[in-house]
């Protein structure tokens, strides 16, 4: 079981996505990143295990509702690859943030200008180790730090240690999602190539 909402990769990535005014903007790639971060959390707590020739899923409850919902869906439809769940899972980044609020980890203020999140100071001080490294590579891949999403290269994945296999799967797919979104934006704008 996860110790709490502020301990996981998904909660920490959501905290990175909250801006200085407490806003959590909506981007398709951030929803895919949230699902990816949940998969990393699943690997971290032993619910998703890489074996010699496959991936083993153990959908026992973790205590974090977005992760439990994703694992339940994966157990119900075992024929899909992990990348399918990154695109089609039914968990979004705001749902991760709302779960952190519901579990008492974050504060929230709702008003005419939308929801504002109060992220605990402890989340701003990233821990060392595999979890911190996983948050960093996912933040890079989805552009969570106010920059464009960027490719993640093998040396950046080394500090993720035992989570490198799932972080590689997630960050590689987020790069594809970003390129797909750029192509779609270029096509909608009438251009023949994506713009930045």
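Would you check if residue 133 is within 28 Å of residue 180 (Cβ to Cβ), surrounded by 13 or more Cβ atoms within 10 Å (Cβ to Cβ), under 15 Å from the mean Cα position of the chain (by Cα) and touching a residue at least 40 places away in the same chain (Cβ under 8 Å)?
Criteria not met by residue 133.
Six or more apart or on different chains, Cβ atoms under 7 Å: show the pairs whose first residue is in region 49-67 and at positive phi and modelled with pLDDT of 90 or more and whose second is surrounded by 12 or more Cβ atoms within 10 Å (Cβ to Cβ) and in a loop (DSSP other than H, G, I, E, B).
63/2
Looking at 97, 134, 151, which one is in contact with a helix residue (DSSP H, G or I) (Cβ under 8 Å, 6 or more places away or on another chain) and closer than 20 Å to residue 21 by Cα?
97
Given the conditions (1) loosely packed, with under 12 Cβ neighbours inside 10 Å; (2) modelled with pLDDT of 95 or more; (3) within 18 Å of the chain's Cα centre (by Cα), which single one is not true for residue 155?
Condition not satisfied by residue 155: (3).
If you take the residues in region 12-34 that are touching a strand residue (DSSP E or B) at 6+ places or on another chain (Cβ under 8 Å) and surrounded by fewer than 20 Cβ atoms within 10 Å (Cβ to Cβ), which one is nearest to residue 182 (Cα to Cα)? So that I can check it myself, show each step before the final result.
Filtering region 12-34 for residues touching a strand residue (DSSP E or B) at 6+ places or on another chain (Cβ under 8 Å) gives 14, 17-18, 21-24.
Within this subset, residues satisfying the condition of being surrounded by fewer than 20 Cβ atoms within 10 Å (Cβ to Cβ) are 21-23.
Working: 21: 27, 22: 27, 23: 24 Å.
Step by step, filter region 12-34, then rank; the result is 23.
Hey, can you tell me all the residues within region 33-47 that are over 15 Å from the mean Cα position of the chain (by Cα) and in contact (Cβ under 8 Å) with a residue 40 or more places away in the chain?
45, the sole residue that qualifies.
The values are calculated or read from the model by the stated rules, or taken from the named source; none is laboratory data. All values reported here derive from a predicted model rather than from experimental measurement. Don't worry about glycine lacking a Cβ; one is built from the backbone with ideal geometry, like all the others, and counts go over all protein chains shown.
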